[in-house]
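For reference, the structure discussed in these notes is given below.
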Amino acid sequence: MISESSLLQGLNDKQLQAVTLPHVSALILAGAGSGKTRVLTTRIAWLIQTGQTSPMGLMAVTFTNKAAKEMLTRLTSMLPINTRGMWAGTFHGLCNRMLRAHYREAGLPNTFQILDTADQLSAIKRVMKTLNVDDEKYPPKQVMGYINGCKEEGLRADAVEAYDGHSQKLRELYAAYDQQCNRDGVADFAELLLRCYELLEREPHIRAHYQQRFQYILVDEFQDTNRLQYLWLKLLGGAHNSIFAVGDDDQSIYAFRGARVGNMNDFQRDFNVQNIVKLEENYRSHSNILDAANAIIANNRNRLGKNLWTSAGKGEPIRIYEAYNDTDEAQFIVDEVNMLQKEGVSLGEMALLYRSNAQSRILEHTLFSANIPYRVYGGLRFFERAEIKHALAYMRLIANANDDTALLRIINFPPRGIGARGLEQLQEAARQNECSLWQAASNKVGAGTLGSRGLEGFVALMRHMIDQGYGISLGELAELVIHQSGLMAHYQNDKEGEDRIENLKELVTAAVAFSKQDLGNHHNMDEDTDLLTQFLNHASLEAGDHQADVGHEALQLMTVHAAKGLEFQSVFISGVEEGLFPHDQAAYEQGGLEEERRLMYVAVTRARQRLYLTYAQSRMLHGQVRYGIPSRFVDEIPAELTKRLNSKPVAKPYAAGGQYTPAAVSAPSANYPFKIGQSVRHGKFGEGVVVSYEGNASDLSIKVNFGSAGLKTLMLEYAKLEKC
DNA sequence: CGACGTCCCCTTTTT
DNA sequence: GGGGACGTCG
């Protein structure tokens, strides 16, 4: 076994202080790149190694499966312990586990299924249809946002306040939706948390059991917790347990989905936190980059206060490039990437970040043309693919026949002649008998009052699968389902079904792997939950990787949100323009601008050595050319840290769409006295850049971007512009 | 039932 | 511009 001293070796004073805190609640303010994960895992290792607790006596909570895995991997490299059975995982994973263990007290069937976001939305649409609610007036997505918002605040429908007709309707929908979920025996993501919270609150003996067990609770990314998660922690922490909360208020970028930075303050107050350890030494970036990040974030109010520093040198200046348009911006990035590669930086060490996904298209296009391999993060994941969800829906129905959401997904897929009419009859029958659709369907078939041959076929199929599925392995069941259901045959007939078939085969592989891994595992310690249900849980809670092939060298493309927690040798932040970053929409939200600024802070601190900020004078957005001015965040960086790569942006021979700008506009002429991209001076607005000409020859206007004075359209005849 | 047209909207995202 | 959702027609 590794000795204590070697476990703690190499920690700086602050890190050491945090790792070895006594059994009290503490808040660790861990700046970007300050060794947060290391502190968290070393703390766990130290607690176990010194015998203060056992692996089973602590709980470690994260937000993502990735973070949980990372933590456990690092832990096993420090201590020769078996992490299986440890209560380390995501909020949702841990709540699910508690609910499985106490499903009766929680009022759930032992095979309850988890609705992912797509399932939840379709369940909500169903409720609204039943209640005849106008989905123009109540867009299902908004209803979903409302319901999840309430749950994340810890509020059931009967506890929500509603004064006007609109919110009363929403509340009514919330109640009806919950009722439907109970009938179906399903729980959405937020429900896992709320249900678990209520369970602990209602059942003192269960609460006491876990409070006694988890003397040490460790929470990662504490700034991202929502109200309900905080309440849950508070309940588990009780009066005597130690909650070790690690977070960075400056990296709170998920307020839009309910995260409450205020939890950090509440935590200090509610737990009488005496120990606040600030980890401010950054081991990632050179000081030019850190100083820029510090300068940006200093513009936010209401910070807990923290200033990153490094003993690394100044490093390179932050490079700023003002592009003529989005194509030019992309081309610039391509050129720089090529140059960096020549200097020996590998592609996988470079990241190209953007504020919103829409920006990736043109970047991808340009990278593709330039033959630069790239990998985009985000998009559909394995268990979210349509064919996989179809196959899983059959399996869900086998596990729990009352799962109407699953039934509706596949009752007529592959098509078997059950149309909208037949379905309506079925739903009507279910409503009248107050039973699930499956029960209604089997009743109909049994009674001989056939809705259609298709329905008969469907019921027979499901019964057959349930029969055949009894006692076979998970892999065999998956195999059985994809063939018997007709999914395989359906996609084989489809010209573009090849990928889907591959994915279905992959599902069988995943099922086999899951049961193998589970054999020696007992990670649920919950004998009531069968393997099929566990597998379906796994599929819902862990939708799979965004990206499978990690080894391949490629430029990393992702949103700034997706980049949180990662680091790269070189980072490009593109589209650093007002309206885009900070995003227009942010202005309408309370604290929106500050969140955008934190987002910028996160983006900047991803870079170890080299950082580029690029913005464009114009870009295509929503099918229209949009003229932008540089983001205020650029101005917030002290000039001495930066290097402007082009002081006077010049029109490139390629304009939007890669087409050449018409000669009449690109070259000065009698009609067009200034080139696009040329700098001009105006008596009132100062210096600006010619963006475009508008109107016809006799009535010509000129559009000029005056930077801080904004974008102006002037009548050429009257505007006294001069070259500069 | 499926193919095709049209309309509408359009940050960020994990579980 | 482009994807998703919905509606109409064959």
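The values are calculated or read from the model by the stated rules, or taken from the named source; none is laboratory data. Please read all numbers here as calculations on a predicted model, not as lab measurements. All Cβ positions, even for glycine, are placed from backbone atoms using ideal geometry, and neighbour counts span all protein chains on display.
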- Quick check: is even one residue across region A:387-397 away from DNA strand C (no atom under 15 Å from the Cβ), among the aromatic types (F, W, Y) and buried (at least 20 other Cβ atoms within 10 Å of the Cβ)? yes
- Task: Keeping to region A:127-136, report how many residues are exposed (fewer than 13 other Cβ atoms within 10 Å of the Cβ) and within 12 Å of DNA strand B (Cβ to nearest atom).
- Result: 1
- Item | Some residue of region A:554-573 being under 29 Å from A:R375 (Cβ atoms), assigned to a loop (DSSP other than H, G, I, E, B) and within 16 Å of DNA strand C (Cβ to nearest atom) | no
- Item | Test: residue in region A:599-622 that is within 11 Å of DNA strand B (Cβ to nearest atom), modelled with pLDDT of 95 or more and closer than 23 Å to A:D249 by Cβ | yes
- Give just the number: which of (1) at pLDDT 90 or above; (2) aliphatic (A, V, I, L, M); (3) more than 26 Å from A:T117 (Cβ to Cβ) does A:A393 not satisfy? (3)
- Residue count, region A:101-121, condition within 14 Å of DNA strand B (Cβ to nearest atom) and in a helix (DSSP H, G or I), comes to 5
- Note on the structure: Here the residues within region A:671-724 that are β-branched (V, I, T) and either in contact with a helix residue (DSSP H, G or I) (Cβ under 9 Å, 6 or more places away or on another chain) or modelled with pLDDT under 75 (or both) are A:I676, A:V689, A:V690, A:V691, A:V704, A:T713
- Tell me which residues, restricted to region A:182-194, are within 15 Å of DNA strand B (Cβ to nearest atom) and either over 23 Å from the mean Cα position of the chain (by Cα) or not in a helix (DSSP H, G or I) (or both). A:V186, A:A187, A:D188
- Given the conditions (1) buried (at least 19 other Cβ atoms within 10 Å of the Cβ); (2) of a type in the set (V, I, T); (3) under 20 Å from the mean Cα position of the chain (by Cα), every one holds for A:I124 apart from (3)
- Cross-chain or 6+ apart pairs with Cβ under 8 Å, region A:615-629 first and in contact (Cβ under 8 Å) with a residue 24 or more places away in the chain, then within 12 Å of DNA strand B (Cβ to nearest atom) and of a type in the set (G, A, S): A:Y615/A:G575; A:A616/A:G575; A:R619/A:G575; A:L621/A:A358; A:R626/A:G579; A:G628/A:G579
- Some residue of region A:296-314 being assigned to a helix (DSSP H, G or I) and surrounded by 17 or more Cβ atoms within 10 Å (Cβ to Cβ): yes
- Query: Going by the structure shown, is A:A255 small (G, A, S) and under 30 Å from A:Y588 (Cβ atoms)?
  - Reply: yes
- Message: Checking the structure you have, find out if any residue of region A:322-336 is within 16 Å of DNA strand B (Cβ to nearest atom), in contact (Cβ under 8 Å) with a residue 24 or more places away in the chain, buried (at least 22 other Cβ atoms within 10 Å of the Cβ) and among the small types (G, A, S).
- Response: no
- Which listed residue, of A:A406, A:A478, A:A429, is touching a residue at least 12 places away in the same chain (Cβ under 8 Å) and either more than 24 Å from A:N110 (Cα to Cα) or surrounded by fewer than 17 Cβ atoms within 10 Å (Cβ to Cβ) (or both): A:A429
